[in-house]
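The values are calculated or read from the model by the stated rules, or taken from the named source; none is laboratory data. What you are looking at is a predicted structure, and each value in this text was computed from that prediction instead of being measured. Backbone-built Cβ (ideal geometry, glycine too); neighbour counts: all protein chains shown.
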Amino acid sequence: MALLKVLFADDEIPDKNALEKKLGKKIPDEKDLKEEEVKKAFKISEYSLWKKKKTLDGISKLTVANKYEDAIKLAKDKEQQFDLAVIDLHWNDYKEKRYAGFKICEELEKTSQPFKIVYSSQLSTNPKLRREVIGLNALPLHKKYNIKEEQIEKDCEQLKSVVIFMEMLRSQKSKAIHESFSVNLAVYGDVSGKITLGKGITQTKTLSTSDKKELLDSLVEFRKEMAKLDLPEDDLIIVNGDVNAAIKEAKKEEPDPSKIMTRFECALGTIKDVGDTFEKVSKWEWTVKIITILRKLGLPISL
């Protein structure tokens, strides 16, 4: 089974130079280091990141970035094609007002489009920040400081579970890895949702170049507007997963409109379950454009 390509980006991850300086010795191979000596030499937060790095390195093709300029360069590189990215939101060497993690996510969305996990110590107390992370098609996780060894072990097991589960899905040639957040979130037990791949749907017509562009643009705008709504967090994650899958399909050279329709209907279905919000969404310019284009192709989509 081919290993997943993983990007682990955090400016507090101890690199080889930092390890050699703290431990006072040359390190031919980090894998030979004993956990206890690293734990004694570094702050618990840095030790936690080193252990996560060690966990990922053992089960994936891992690329680590602990400088913002390296992380953004990797994110922009179309040749990398990461399957999973674990990204810190705050970087000390990033001087702009906006969070560095957002910029890294945006660049990854233009290239690899991996499943993204974004973590920050502020996420547990800042609902607006969590929603912004979800709006970038990423899973928000709270970053803990002063944590115990037992919690570090649990965090490492969670990461390991995500990687193994995604490898399993890919080996079965399932498109769920990049097309649905609900599968991955089930690993954490925080959110549930079903995967719908739209099997058995027949495409009746193909998209013209102009309709393809308008459909993609409308889906992107729809996603932006969704992030501004006051949807419950669990529902917003599921809707974003479906819309992101529709956008991914629309970006293909020869997209399958039936798959786009299935995902968009799933998103609308989740919004309907919330209540009054659906009436507002159904009147959006972007909603009307998406439905109009799909109906033009002979697809039976309705509000």
Next on the checklist: So residue 124 ticks every box in (1) in contact with a His (Cβ under 7 Å, 6 or more places away or on another chain); (2) farther than 30 Å from residue 229 by Cβ; (3) of a type in the set (Gly, Ala, Ser) but one. Which box is left unticked?
Outcome noted: (2)
Next on the checklist: Suppose we filter 108, 62, 89 for residues that are farther than 27 Å from residue 220 by Cβ, aliphatic (A, V, I, L, M) and out of contact with any His (no Cβ under 7 Å at 6 or more places or on another chain); which single one remains?
Outcome noted: 62
Checklist entry - Since residue 270 meets every condition but one in (1) part of a helix (DSSP H, G or I); (2) at pLDDT 85 or above, which condition does it not meet? => result (2)
Next on the checklist: Here is a list: 86, 38, 64. Which entry is under 24 Å from residue 135 (Cβ atoms) and assigned by TED's automatic domain parsing to the domain that holds residue 164?
Outcome noted: 86
Checklist entry - Assuming residue 229 fulfils every condition listed in (1) in contact (Cβ under 8 Å) with a residue 60 or more places away in the chain; (2) within 21 Å of the chain's Cα centre (by Cα); (3) farther than 17 Å from residue 138 by Cβ apart from one, which condition is it? => result (1)
Checklist outcome for this item: Going through (1) more than 22 Å from residue 233 (Cα to Cα); (2) at pLDDT 85 or above one by one, residue 159 fails only at (1)
Checklist entry - Looking at region 15-93, what helices (runs of 4 or more DSSP H) fall wholly within it and have at least 2 residues that are surrounded by fewer than 18 Cβ atoms within 10 Å (Cβ to Cβ) and in contact (Cβ under 8 Å) with a residue 60 or more places away in the chain? => result 44-57
Item to check | Search result, residues across region 110-126 that are aliphatic (A, V, I, L, M) and either more than 28 Å from residue 246 (Cβ to Cβ) or modelled with pLDDT of 85 or more (or both) | outcome: 117, 118
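Rundown of residues vs (1) modelled with pLDDT of 90 or more; (2) hydrophobic (A, V, I, L, M, F, W, C), yes/no style:
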position	(1), (2)
207	no, yes
214	yes, no
217	yes, no
225	no, no
229	no, yes
255	no, no
258	no, no
